[in-house]
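One structure is given here, and the rest of the page talks about it.
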Amino acid sequence: MDFAYQYAWLVAVLPLSAAFIIGTGLITFNKSTNKLRKPISILSVSAIGAAMIIAFGILWSQIQGHEPYLWTFEWASAGDFHLSMGIVIDQLTALMLVIVTTVSFLVQIYTDGYMAHDPSYPRFYAYLSLFSFSMLGLVVSPNIVQIYIFWELVGMCSYLLIGFWYDRKGAADACQKAFVVNRVGDFGLLLGILGLYWATGSFEFEQIGIQLNTLVESGAISSFLAGFLAILVFLGPAAKSAQFPLHVWLPDAMEGPTPISALIHAATMVAAGVFLVARMFPVFEHLPFVMNAIAWTGAFTAFLGATIAITQNDIKKGLAYSTISQLGYMVMAMGVGAYSAGIFHLMTHAYFKAMMFLGSGSVIHGMEEVVGHNPFVAQDMRVMGGLRKYMPITSVTFLIGTLAISGVPPFAGFWSKDEILASAFTANPALWFVGWLTAGLTAFYMFRMYFSTFEGEFKGTNAALIAQVKAENTPPGIVVEDHGHHAHKPHESPLSMTFPLMALAIPSILIGLVGTPFANYFEAFIHAPGEVVKAVSGFEMLHGEEMTEFLIMGGSSVGIGLVGISLAILMYLQGKISAKAIAKSIQPLYQFSKNKWYIDELYEATFVKGSRRLARQVLEVDSKVVDGAVNLAGFVTLLTGESLKYFENGKTQFYALVIFIGVLGLVIASSV
């Protein structure tokens with residue numbers, strides 16, 4: 001057995017060990033542990049760094065053609081029931097291990113600079129290491145039960161990290177919202193797992209798919225029931241990957257520190273949903289109705305996220321809705337059967353979106369030096385502008401990410417998004433049209449974000465504008481103290497924050513080249529289970545219909561992207577088109593987008609207030625009916641007891657007479 005596989009279990013155990021050591025120190029020797037800031041960061045970064053090295057070794061071995069590796073042990077058994085736990089290493093696992101460890105490694109380096117002045121710095125590193133362990137454990141899981149265990153651990157860690165600043169009302173509310181919304185999806189996932197086990201008697205992915213397909217073909221179970229069970233399973237990924245209608249938690253998750261925003265949105269929690277759809281692909285692919293539902297859910301979510309992102313002023317919330325939209329592309333790809341394209345976009349998106357989130361954190365870090373530590377102001381793009389000359393590294397890397405997500409060749413996002421759109425067109429032109437239109441919206445809102453933040457004049461010293469933004473953004477009843485204005489202009493972030501940006505810029509530019517139509521090494525390596533894909537010998541020029549198809553599909557996606565970029569230039573760089581005038585002319589649509597399609601308000605009115613009304617009614621029934629019946633029983637007992645005590649005289653003859661009368665009464669009643 002190769003060295004990498006012999007120690008593959010360390011990939012997850014190393015960050016767990018770091019979390020355990022830091023957590024134990026915080027629990028037992030809190031004050032002393034909080035003083036060991038540098039040793040704690042070195043321990044945590046070193047643990048995930050070592051895991052990353054092993055992950056790269058595993059990936060290289062899989063690229064060289066090593067057979068998938070499976071190691072399991074029996075965890076529980078009762079009669080015919082057997083449940084195993086362990087690790088599985090295949091092509092998909094190897095790729096995901098590298099994505100998770102590389103992004104986690106760079107995020108942890110970035111954290112040292114971003115959280116340098118936070119009093120809970122060690123606790124944050126403990127949470128980060130635990131979060132990395134949870135996602136890595138999920139990735140190596142060989143069956144759906146083990147995935148579910150780590151799935152819930154990922155959810156718990158996201159709750160802790162989103163609510164890291166729990167003394168802020170917004171953070172406390174956001175982590176609860178994320179927890180509750182994900183419980184809805186996870187409940188469906190649990191029911192689906194139990195239903196599939198009832199139908200197939202297995203928790204193994206491929207075995208479930210084979211057995212379920214056999215049962216449907218033989219008529220043992222209906223295709224409707226099989227589809228229903230599959231949809232229940234899909235509810236879990238729909239919540240984790242923020243698909244409509246369970247997407248509402250993700251934008252609020254921005255209340256957590258920026259490093260965790262990058263980790264959640266790039267390589268862990270949201271990627272878990274797409275990863276599970278990939279693992280369950282042997283089940284979904286035999287159910288056309290389910291595949292269609294998955295595809296349209298992804299397409300609608302992609303469009304929904306893009307239409308909301310175009311009006312957001314908070315830089316992190318704009319990126320959050322962008323993530324929702326890009327996740328929609330991945331889910332749509334899975335739904336149309338483009339397994340490789342969906343995972344390819346997951347990989348490219350992980351790197352450029354992590355870079356942009358960390359870039360937004362760098363911007364916020366610089367803005368806080370000018371406008372104060374008020375998140376309702378420091379994150380608003382209306383008080384930014386002109387940051388390119390103050391923050392050159394942040395601006396260049398953010399521009400690279402913007403070009404990548406906008407689908408500009410040869411950046412990474414072009415190749416993965418183009419492959420999804422081509423596959424969608426083959427499956428259903430209507431799906432392609434939604435994805436194509438969304439690509440144009442993506443280019444527009446991303447360049448709007450870039451121009452508003454980095455170009456033009458710096459507006460962070462405009463006191464009147466800051467006061468207006470503060471008044472608009474601060475929720476009623478919330479008071480935020482601005483802790484001193486220390487500078488008149490922002491400055492570039494320290495090396496610990498800019499190094500991860502520069503490192504992530506490299507894959508954001510180059511990694512898409514492994515999946516070009518001319519030499520699609522990625523598809524040859526990552527493909528659906530059971531699918532036969534020809535090996536790639538080298539660069540091959542496309543000819544005939546293939547070249548025509550590539551030029552049409554690629555040209556149309558680039559074309560709509562250029563339209564979006566041109567509009568952004570005219571509106572937000574050159575000012576030749578007034579964005580305010582357009583917003584005023586289409587005020588209902590503008591408000592519809594800015595208020596996020598009023599979905600949060602709808603949920604508040606129906607589910608939140610509705611559940612409270614139901615709870616009050618249940619309380620009324622409990623207090624008046626249930627408690628009333630109990631109180632009545634007690635009152636009757638008391639009354640009869642008080643009444644009967646006067647018949648007590650201690651004479652046996654009297655008791656015998658009473659019993660005789662009672663028996664006589666019963667006899668008479670029965671005879672009648």
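The values are calculated or read from the model by the stated rules, or taken from the named source; none is laboratory data. What you see is a predicted model; the values in this text were computed from it and never measured. Every residue, glycine as well, gets a Cβ built from its backbone with ideal geometry; the counts of neighbours run over all protein chains shown. Protein only, heavy atoms only, side chains kept; ligands, DNA and RNA dropped before computing areas. Shrake-Rupley method; radii C 1.70, N 1.55, O 1.52, S 1.80 Å.
Summary table
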{"item": "The range 13-36: number of residues that are β-branched (V, I, T) and open to solvent by 60 Å² or more (accessible area, probe 1.4 Å)", "result": "3"}
{"item": "Pair list, Cβ < 7 Å and 6+ apart or interchain, from the range 364-376 residues that are under 16 Å from W165 (Cα atoms) and touching a residue at least 12 places away in the same chain (Cβ under 8 Å) to residues that are in a helix (DSSP H, G or I) and of a type outside the set (K, R)", "result": "F376/N473"}
{"item": "Identity of the residue in the range 568-621, within 32 Å of the chain's Cα centre (by Cα) and among the acidic types (D, E), that ends up nearest to N313 (Cα to Cα)", "result": "D600"}
{"item": "Helices (runs of 4 or more DSSP H) fully within the range 233-321 counting 3 or more residues that are in contact (Cβ under 8 Å) with a residue 60 or more places away in the chain and under 23 Å from Y603 (Cβ atoms)", "result": "249-252, 258-266, 288-309"}
{"item": "Matching residues, the range 165-180, being among the hydrophobic types (A, V, I, L, M, F, W, C) and surrounded by fewer than 21 Cβ atoms within 10 Å (Cβ to Cβ)", "result": "W165, A172, F179, V180"}
{"item": "Given (1) closer than 28 Å to S141 by Cβ; (2) out of contact with any Asp or Glu (no Cβ under 8 Å at 6 or more places or on another chain); (3) at pLDDT below 95, index of the condition G337 fails", "result": "(2)"}
{"item": "Helices (runs of 4 or more DSSP H) within the range 451-550 that include 2 or more residues in contact with a Ser or Thr (Cβ under 8 Å, 6 or more places away or on another chain), modelled with pLDDT of 80 or more and of a type in the set (A, V, I, L, M, F, W, C)", "result": "495-510"}
{"item": "Looking only at the range 95-120, and only at residues there that are part of a helix (DSSP H, G or I) and polar (S, T, N, Q), the one that is farthest from I364 (Cα to Cα)", "result": "T101"}
{"item": "Failed criterion for V536 (all others in (1) out of contact with any strand residue (DSSP E or B) (no Cβ under 7 Å at 6 or more places or on another chain); (2) open to solvent by less than 50 Å² (accessible area, probe 1.4 Å) hold)", "result": "(1)"}
{"item": "Residue pairs meeting the criteria (Cβ under 6 Å; at least 6 apart or on separate chains; first open to solvent by less than 100 Å² (accessible area, probe 1.4 Å), in the range 606-633; second in a helix (DSSP H, G or I) and not β-branched (V, I, T))", "result": "none"}
{"item": "Unique residue being touching a Gly at 6+ places or on another chain (Cβ under 9 Å), surrounded by fewer than 23 Cβ atoms within 10 Å (Cβ to Cβ) and closer than 20 Å to A302 by Cα when the list is A427, A443", "result": "A427"}
{"item": "Where a residue in the range 111-128 is among the acidic types (D, E) and its partner, wherever it lies, is assigned to a helix (DSSP H, G or I), with Cβ under 7 Å and at least six apart", "result": "D112/S41; D112/S496; D118/F124"}
{"item": "Residue in the range 50-70 that is buried (at least 20 other Cβ atoms within 10 Å of the Cβ) and in a strand (DSSP E or B) present", "result": "yes"}
{"item": "Single unsatisfied condition, D167 versus (1) farther than 20 Å from L263 by Cβ; (2) part of a helix (DSSP H, G or I); (3) free of Cβ contacts under 8 Å to residues at least 24 places away in the same chain", "result": "(2)"}
{"item": "Every pair of residues 6+ apart whose Cβ atoms lie under 7 Å, when the first sits in the range 440-454 and is closer than 16 Å to V408 by Cα while the second is part of a helix (DSSP H, G or I) and aromatic (F, W, Y)", "result": "R448/Y572; Y450/F398"}
{"item": "Selected residue (criterion: nearest to G86 (Cα to Cα)) from residues of the range 131-162 that are over 15 Å from the mean Cα position of the chain (by Cα) and of a type in the set (G, A, S)", "result": "S141"}
{"item": "Any hit, the range 400-412, residues being over 23 Å from E255 (Cβ atoms), under 25 Å from the mean Cα position of the chain (by Cα), part of a loop (DSSP other than H, G, I, E, B) and of a type in the set (G, A, S)", "result": "yes"}
{"item": "Lone unmet requirement of (1) over 26 Å from E457 (Cα atoms); (2) open to solvent by 50 Å² or more (accessible area, probe 1.4 Å) for L562", "result": "(1)"}
{"item": "Every residue from the range 497-532 that is within 28 Å of I364 (Cα to Cα), open to solvent by 30 Å² or more (accessible area, probe 1.4 Å) and not aliphatic (A, V, I, L, M)", "result": "F499"}
{"item": "Test for F275: is it open to solvent by 10 Å² or more (accessible area, probe 1.4 Å) and aromatic (F, W, Y)", "result": "no"}
{"item": "Every residue from the range 612-628 that is modelled with pLDDT of 85 or more and among the small types (G, A, S)", "result": "A615"}
